[in-house]
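Where a number appears in this text, it was derived from the coordinates with a stated rule and is not lab data. Just so we're clear, the structure is a prediction, and the values are computed from it rather than from any experiment. Cβ placement follows ideal geometry from the backbone for every residue including glycine, while neighbour counts extend to all protein chains displayed.
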Amino acid sequence: MQRWEQLAAVPSPGGSLALWRRGDEFRIRIGGLDLMGSREHGSEDELGRLGCAGLPPTARVLVGGLGLGFTLGSALANLGPGAAVEVAEANPVVLEWNRTLLGHLAGQPLADPRVTVFVGDVARRIRGARWDAILLDVDNGPEALSSPDNAGLYDATGLWTAAAALRPGGRLGVWSVRDDAAFTRRLHAAGFAATVSRVSAWPGSGRKHWLWMASRPPG
Ligand SMILES: C[S@@+](CC[C@H](N)C(=O)[O-])C[C@H]1O[C@@H](n2cnc3c(N)ncnc32)[C@H](O)[C@@H]1O
């Protein structure tokens with residue numbers, strides 16, 4: 001059995017952000033907790049698929065954050081050639097890791113000409129434009145893990161801000177390691193029609209993750 005080795009680590013608001021490898025498997029950890037692993041990405045793929053399938057040909061999509069790139073890769077696979085996807089990643093080192101060691105995991109999504117990169121807090125880009133979809137996987141669910149500031153993405157003000165940034169009929173998708181009934185209630189209070197689904201961490205896996213797909217009513 002190969003051992004996990006730490007390839008790199010940098011300080012971040014949520015604690016040490018580190019890249020680990022065991023053979024061809026990779027993990028990003030923050031403050032000693034797993035943030036994302038390369039073996040189980042069924043639910044991250046599903047966030048991209050549910051968030052982007054059926055959007056208009058010139059859709060504008062915001063993905064935050066990059067991680068190992070699976071949600072971004074899936075969003076691109078479910079959008080047409082005229083779409084534009086901006087990925088907001090708070091930690092520049094994650095972009096560097098994706099451009100060097102990790103890009104092959106999700107089909108080199110940063111090299112896709114439809115992709116632009118914003119280095120910084122995804123909250124700034126939610127406020128900064130109008131989107132057909134905003135797909136959030138920056139923590140382990142609707143509670144701040146990567147940074148205390150992320151709490152503002154999931155509270156009532158953050159959800160009203162996201163609703164205002166979406167075009168009518170636009171979608172907010174949020175990934176989580178567990179269900180959160182209070183978050184579902186806050187989505188409804190912010191005017192979203194929201195569903196939460198339990199998704200396999202990997203096809204056939206008993207391990208489940210949770211995805212909220214919340215639509216801003218059309219018109
Ligand atoms: C769980 S990983 C994302 C996994 C990704 N969905 C995938 O498919 O690999 C979370 C990422 O969000 C980034 N992040 C955390 N808070 C952020 C924020 N406020 N804005 C942008 N990126 C953020 C982290 O640095 C990390 O790269």
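What the table shows:
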| quantity | calculated |
| --- | --- |
| The chain, relative contact order [Cα under 8 Å, separation at least 6], % | 18 percent |
| Residue-averaged 222 nm ellipticity for the chain, from DSSP H runs of 4+ at -39500 (n - 2.57), nearest 500 | -6500 deg cm²/dmol |
| Separation between Cα centres of segment 148-219 and segment 1-51, rounded to whole Å | 22 Å |
| Listed residues T161, T71, T100, most fluctuating in the chain (Gaussian network, C-alpha, under 10 Å) | T100 |
| 14 Å reach of a label modelled at A111, 7 Å along Cα-to-Cβ, counting backbone N of segment 82-98 | 98 |
| Loop trypsin sites (Lys or Arg not before Pro), segment 115-199, which have at most 15 other Cβ atoms in a 10 Å radius of their Cβ (DSSP) | R130, R178 |
| Segment 1-85: trypsin sites (Lys or Arg not before Pro) in DSSP loop, at most 11 other beta carbons within 10 Å | R3 |
| Rounded if a/c under 1.5, otherwise prolate or oblate - segment 90-215, Cα gyration tensor axes | oblate |
| Cα-Cα separations in segment 1-155 greater than 21 Å, expressed as whole percent | 42 percent |
| Residue exposure sequence - D137, D155 - by fewest surrounding Cβ within 10 Å | D155, D137 |
| Contact order relative to length of segment 1-128, as percent, for alpha carbon pairs under 8 angstrom and 6 or more apart | 18 percent |
| Linear extension gain, A181 paired with E5, 0.36 nm per residue minus alpha-carbon span | 59.6 nm |
| Cβ-based exposure ranking for I30, I134, in which fewest neighbours within 10 Å come first | I30, I134 |
